[in-house]
């Protein structure tokens, strides 16, 4: 679940929701998420805010269908490429049988997708006062910010979301990671972009 970002409160004419992680909707069942570049696009029309169009495909191809300068907000959660075949098998404890922890999140989380492969195209779709928000892995934060700046964006904030349900640290060899970073950038340097500090 993403943090409660108040930037989403104002009505938006166009939104790209770039969600490459496993979809969690009960109403829609996602299949064939083997390509790490598959994504979900939700675009709300300017005249009909109730119209939602969902497309699944390579984001670099589908974004070409969107007019440049037509999007208010891009909110993305790209894969962190942290999947592995490692499993932690837990024995039965005092509370009953424990669930095995699997670090293989799916084919969509293997490989390496550089921000250079899609960020410049995404930025071109933003309006002059558009906002870009991306969840980012700790090791990729600097690379994401550099790519955004090279694409003409201004970094507004590197935030940290404290998760309420972090992955348990079963082996007591390091601290549990209960945070996730996000980058907020805007196309304009001054005011005028969507922002609400509450």
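The values are calculated or read from the model by the stated rules, or taken from the named source; none is laboratory data. This one's a predicted model, so the numbers in the text were calculated from it and none came from an experiment. Note that each Cβ is placed from the backbone with ideal geometry, even for glycine, and that neighbours are counted across all protein chains shown.
Per-structure values
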{"read-out": "Check on residue 138, assigned to a loop (DSSP other than H, G, I, E, B) and at pLDDT 80 or above", "value": "yes"}
{"read-out": "Wholly within region 33-105, strands (runs of 3 or more DSSP E) carrying at least 1 residues that are at pLDDT below 65 and touching a helix residue (DSSP H, G or I) at 6+ places or on another chain (Cβ under 6 Å)", "value": "38-44"}
{"read-out": "Selection count, region 126-146, where residues are free of Cβ contacts under 8 Å to residues at least 40 places away in the same chain and buried (at least 22 other Cβ atoms within 10 Å of the Cβ)", "value": "1"}
